[in-house]
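The values are calculated or read from the model by the stated rules, or taken from the named source; none is laboratory data. It should be emphasised that the depicted structure is a prediction, and the values quoted were computed from it without experimental measurement. Backbone-built Cβ (ideal geometry, glycine too); neighbour counts: all protein chains shown. These accessible areas exclude ligands, DNA and RNA; they are computed on the full protein's heavy atoms, side chains included. Shrake-Rupley method; radii C 1.70, N 1.55, O 1.52, S 1.80 Å.
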Amino acid sequence: MLRQKLFKEERRTRSHRLIIRGAVFESIVPEAKGMTNEESATFLWLALTRQTVFYT
């Protein structure tokens, strides 16, 4: 019973964290509201892995 209660609490905490992070993403990228899950994942992947090139 204690294990089940701990599992439920961990799941609730994770769900809350994911909701908050999704809300932050949508507040920064308003277009994300119209994106599919795959498009959102691709957008984040590209934004986080893109190399900036500086020309001098």
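How high is the FRET efficiency between Ala47 and Leu6 when r is their beta carbon distance and R₀ equals 30 Å, given to the nearest 0.05?
Efficiency for this residue pair is about 0.25.
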- Task: Considering only protein heavy atoms, with the full assembly of protein chains and a 1.4 angstrom probe, order Glu9, Glu38, Glu31 by accessible area, largest first.
- Result: Glu38, Glu31, Glu9
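Given a 1.4 angstrom probe, what's the average accessible area per residue across the chain, in square angstrom?
104 Å²
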- Task: Taking the chain as the reference, fit the longest principal axis to its C-alpha atoms, fit the long axis of helix 2-28 to the helix C-alpha atoms, and give the angle between the two in degrees, 0 to 90, nearest 10.
- Result: 20 degrees
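In terms of the ratio Rg/(2.2 N^0.38 Å) built on C-alpha atoms, what value belongs to the chain?
Values: Rg = 17.1 Å, N = 56, 2.2 N^0.38 = 10.2 Å.
For the chain, the normalised Cα radius of gyration comes out at 1.69.
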- Note on the structure: When the charge dipole of the chain is computed with +1 at the Cβ of Lys and Arg and -1 at the Cβ of Asp and Glu, the Cα pointing farthest to the positive end, of Ile19, Leu6, Ala47, is that of Leu6
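In the chain, carbon and sulfur make up what percent of the accessible area (probe 1.4 Å)?
Of the solvent-accessible surface of the chain, carbon and sulfur hold 60 percent.
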